[in-house]
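Visitor: Take a look at this one; I'll ask things after.
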Amino acid sequence: MSDEPLLRVSNLTKYYGSRLGCADVNFELYPGEVLAIVGESGSGKTTLLNTLSANLEPTSGEALYRMRDESWRNIYELSEAERRFLTRTDWGFVHQNPADGLRMTVSAGANVGERLMAVGDRHYGKIRDTALDWLGRVEIAADRIDDQPRSFSGGMRQRLQIARNLVTGPRLVFMDEPTGGLDVSVQARLLDLLRQLVGELGLSAIVVTHDLAVARLLSHRMMVMKDGHVIEAGLTDRVLDDPREPYTQLLVSSILQV
Amino acid sequence: MTALSVRNLAKTFTMHLRGGISLPVVENVTFDINAGECVVLGGPSGAGKSSILKMVYGNYGVDSGEVLIAHDGDMVDLASADPRTVLTLRRDAIGYVSQFLRTVPRVSALDVVAEPLVVRGTDKEEAQRRAGEMLSRLNLPERLWSLPPATFSGGEQQRVNIARGFITHHPVLLLDEPTASLDAANRAVVVGMIAQKKREGVAMLGIFHDEEVRAEVADRIVDVTGFAVRQAA
């Protein structure tokens, strides 16, 4: 792991009018590090993710990102062109519902190729080869490249969304409940794939999940949110094996054992 | 040379879901382990042996005290270290053989064992070759190597776990009952592997309920009952 963080978040706060989304969030994320944000519905974890990924403007606070040229920039003060570069190339965003992150009426190959074209790739044959390679890496058969994701199962759609996000070699990927809404066997396959890709590519990732097993499997560190505040944070196995806060103890003790 | 130095550790659990009651576990836990030495924690169930192991590895936080681990010529306190430092120490300095295997869906037994080498930069084929050697040594039938261990018996899972824990060279190694569900032949293999780690200068801290195994591997026994919390009268 590198000695310089990729992202520095300080006092990040988001209000919707007078209603609190999240407040006073502080953390640093290092290259290769996976951070899980856990909590129940309404705890502010999705608001935090959307603010961190520049989909929402914070009410106060800042998020400094180390650009590829090593300069530090507050992501809320970037020009439109710079922000586009981040969201199309250097960042990925995996939505819970693949339909939010895919174009459902163009082919699987075009879904992957589109992000390459956005960064200036123009050679059709090369784009198709790269798309094929990525479909293979997410275990989608090559003969499905011309099919639309409408004809894919939920698990396949989610894998396609992951390929679409990773094809540009992002350094930071945001994930919102990436395994939510999938059957458990499909979840297991996706989790294994994510774990493998994150490790191989040395990605940094911020994963929002309400599933503590997902956090345990994917993340190095975790933050527990309640009512918009981070109430406990630390090494993932420390938080799960020795939870301190009453709410974290409740969450951990509510896991069903099989 | 001291490889692990535990200084005045204390731990109390506060159970918020049970009216905030306090469960004192241990206090004043203090001992040192030298390179090449195997120290076994002794005492009855519930005395806090597992808790001490988990504090040393950082699974459990501590209320006070230090866990000093030799790393890069310094003694680094894992108990107060930030998460990144703990992960670095776990990568380079301290390993843990847990009692139960936490299986990952779809990953084969061979890759479960090879993984710690792969994440430390060993070439995948070389890592798999060495994983195979470990599994052979522990008598895990080769037909099981390509299968995910989730459906293995307790003893088979434990052997996968031991292979995974012993494949790296960590100067400090924690052993949580690594022989609990093994037959006599495989217990002997593990005793041999521990002896080899000693010769390589690894400092080990373990829990062994099996008296025969304990007698064979322990250089010293630290009695955990001496760390019981003295309740105020």
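The values are calculated or read from the model by the stated rules, or taken from the named source; none is laboratory data. Note that the coordinates shown come from a computational prediction; the quantities given were computed from them, not determined experimentally. For neighbour counting, all protein chains shown are included, and Cβ atoms are generated from backbone atoms with ideal geometry for every residue, glycine included.
Visitor: Applying the selection to segment B:54-65, what residues are surrounded by 18 or more Cβ atoms within 10 Å (Cβ to Cβ) and away from chain A (no Cβ under 11 Å)?
Guide: Scanning segment B:54-65 gives B:Val56, B:Gly65.
Visitor: Next question. Does segment B:177-184 contain at least one residue that is surrounded by fewer than 23 Cβ atoms within 10 Å (Cβ to Cβ), in contact (Cβ under 8 Å) with a residue 40 or more places away in the chain, farther than 26 Å from B:Thr88 by Cα and of a type outside the set (A, V, I, L, M)?
Guide: Within segment B:177-184, not a single residue is surrounded by fewer than 23 Cβ atoms within 10 Å (Cβ to Cβ), in contact (Cβ under 8 Å) with a residue 40 or more places away in the chain, farther than 26 Å from B:Thr88 by Cα and of a type outside the set (A, V, I, L, M).
Visitor: So A:Thr179 passes all but one of these: (1) over 20 Å from A:Ile140 (Cα atoms); (2) within 13 Å of chain B (Cβ to nearest Cβ); (3) surrounded by 21 or more Cβ atoms within 10 Å (Cβ to Cβ). Which condition number does it fail?
Guide: So the condition that A:Thr179 fails would be (1).
Visitor: Turning to a different aspect of this structure: Do we find that A:Arg171 is more than 14 Å from chain B (Cβ to nearest Cβ), among the charged types (D, E, K, R) and crowded, with 19+ Cβ neighbours inside 10 Å in this structure? Show your work before the answer.
Guide: Working: more than 14 Å from chain B (Cβ to nearest Cβ): yes; among the charged types (D, E, K, R): yes; crowded, with 19+ Cβ neighbours inside 10 Å: yes.
So A:Arg171 fits the description; yes.
Visitor: Sticking with this one: Kindly indicate whether any position in segment B:209-220 is over 13 Å from the mean Cα position of the chain (by Cα), surrounded by fewer than 14 Cβ atoms within 10 Å (Cβ to Cβ) and β-branched (Val, Ile, Thr).
Guide: Taking every residue of segment B:209-220 in turn, none turns out to be over 13 Å from the mean Cα position of the chain (by Cα), surrounded by fewer than 14 Cβ atoms within 10 Å (Cβ to Cβ) and β-branched (Val, Ile, Thr).
Visitor: Restricting the search to segment B:100-142, which residues are more than 14 Å from every other protein chain (Cβ to nearest Cβ), under 22 Å from the mean Cα position of the chain (by Cα), surrounded by fewer than 19 Cβ atoms within 10 Å (Cβ to Cβ) and not polar (S, T, N, Q)?
Guide: Answer for segment B:100-142, where residues must be more than 14 Å from every other protein chain (Cβ to nearest Cβ), under 22 Å from the mean Cα position of the chain (by Cα), surrounded by fewer than 19 Cβ atoms within 10 Å (Cβ to Cβ) and not polar (S, T, N, Q): B:Arg130, B:Gly132, B:Glu133, B:Arg137.
Visitor: Now a separate question. Only one of these is more than 14 Å from every other protein chain (Cβ to nearest Cβ), under 19 Å from B:Gly226 (Cα atoms) and among the acidic types (Asp, Glu): B:Asp32, B:Asp74. Name it. Explain how you work it out, then say what you get.
Guide: Details: B:Asp74 fails: under 19 Å from B:Gly226 (Cα atoms).
None of the other options fit; the residue is B:Asp32.
Visitor: Hey, A:Asp192 hits all of (1) facing chain B (nearest Cβ under 8 Å); (2) farther than 30 Å from B:Arg18 by Cα; (3) crowded, with 20+ Cβ neighbours inside 10 Å but one; which does it fall short on?
Guide: Every listed condition holds for A:Asp192 apart from (3).
Visitor: Also, I was wondering about something else. Restricting to segment B:1-25, and then to whatever is hydroxyl-bearing (Ser, Thr, Tyr) and either closer than 29 Å to B:Gly73 by Cβ or surrounded by 11 or more Cβ atoms within 10 Å (Cβ to Cβ) (or both), can you tell me which residue is farthest from the other protein chains (Cβ to nearest Cβ)? Lay out the reasoning, then the answer.
Guide: Taking segment B:1-25 and keeping what is hydroxyl-bearing (Ser, Thr, Tyr), we get B:2, B:5, B:12, B:14, B:22.
Among the residues that remain, those that are also either closer than 29 Å to B:Gly73 by Cβ or surrounded by 11 or more Cβ atoms within 10 Å (Cβ to Cβ) (or both) are: B:2, B:5, B:12, B:14.
Details: B:Thr2: 25, B:Ser5: 21, B:Thr12: 11, B:Thr14: 8 Å.
Step by step, filter segment B:1-25, then rank; the result is B:Thr2.
Visitor: Something else: Within segment A:200-258, considering only strands (runs of 3 or more DSSP E) that don't extend past its boundaries, which have at least 1 residues that are away from every other protein chain (no Cβ under 13 Å) and closer than 16 Å to B:Gly61 by Cβ?
Guide: Here the list reads A:221-226.
Visitor: If you don't mind, there's one more thing I want to ask. Kindly indicate which of A:Glu4, A:Glu80, A:Glu40 is modelled with pLDDT under 95 and within 14 Å of chain B (Cβ to nearest Cβ).
Guide: A:Glu4
Visitor: Determine if segment B:69-78 includes at least one residue that is in a helix (DSSP H, G or I) and under 30 Å from A:Leu29 (Cβ atoms).
Guide: Keep residues of segment B:69-78 that are in a helix (DSSP H, G or I), which gives none.
Checking segment B:69-78: not a single residue is in a helix (DSSP H, G or I) and under 30 Å from A:Leu29 (Cβ atoms).
Visitor: Then there is this: Those residues that are among the polar types (S, T, N, Q) and either buried (at least 19 other Cβ atoms within 10 Å of the Cβ) or not in a loop (DSSP other than H, G, I, E, B) (or both), I need them from segment A:8-60; list them, please.
Guide: Once the filter is applied, which keeps residues that are among the polar types (S, T, N, Q) and either buried (at least 19 other Cβ atoms within 10 Å of the Cβ) or not in a loop (DSSP other than H, G, I, E, B) (or both), segment A:8-60 yields A:Ser10, A:Asn11, A:Thr13, A:Asn26, A:Ser43, A:Thr46, A:Thr47, A:Asn50, A:Thr51, A:Ser53, A:Ser60.
Visitor: Of all residues in segment A:63-95 being of a type in the set (Phe, Trp, Tyr) and touching a Pro at 6+ places or on another chain (Cβ under 8 Å), which is surrounded by the fewest Cβ atoms within 10 Å (Cβ to Cβ)?
Guide: Out of the qualifying residues, it is A:Tyr76.
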